[in-house]
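Read the structure below first, then the notes.
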Amino acid sequence: TEQGIFLPGGEYKRPDRIIYYQKEIAVVDFKTGEKRAAHASQVLEYVKLVKDIEKGKPVKGYICYIESSTIEKVV
């Protein structure tokens, strides 16, 4: 299930998946419809937030487009 990342001021962000591997962390966001630049921007924001929280491990970001069954690496 999705877990929120709480920010100062009460706002929060909610990536679809954060996967912890032994040597890295993957942030995955699932999308339907056509590819948009805003999708990559959103994942980049999630990656930055996770990097700020989980210092030390590299964080990679991915977008999974469900309808076309494609995965795009963002970072």
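The values are calculated or read from the model by the stated rules, or taken from the named source; none is laboratory data. No experiment lies behind these values; they were computed from the predicted model shown. Neighbour counts run over all protein chains shown; Cβ positions are idealised from the backbone, glycine included. In case anyone asks, the SASA skips ligands and DNA or RNA and just uses the protein heavy atoms, side chains included. Shrake-Rupley method; radii C 1.70, N 1.55, O 1.52, S 1.80 Å.
Details
- Net charge dipole size for the chain [Lys, Arg +1 and Asp, Glu -1 on Cβ; Debye, nearest 20]: 260 debye
- Of the chymotrypsin sites (Phe, Trp or Tyr not before Pro) found in region 15-75, those in coil by DSSP whose Cβ has at most 14 other Cβ atoms within 10 Å are Tyr21.
- Close amide H contacts of Val75 (hydrogens built in the peptide plane, cut-off under 5 Å, sequence separation of 5 or more or a different chain): Gly61.
- Candidate aspartates and glutamates for bridging to Lys55, where Cα separation is under 18 Å - those fewer than 8 sequence places away on the same chain excluded: Glu24, Glu45
- In the context of the full set of protein chains, residues of the chain present 69 Å² of accessible surface per residue (probe radius 1.4 Å, heavy atoms only).
- Estimated [θ] at 222 nm from DSSP helical runs (n ≥ 4, -39500 (n - 2.57)) normalised by residues in the chain, nearest 500: -7500 deg cm²/dmol
- Shown is the FRET efficiency for Lys23 and Ile71, computed with R0 = 25 Å from the Cβ-Cβ distance and rounded to the nearest 0.05: 0.80.
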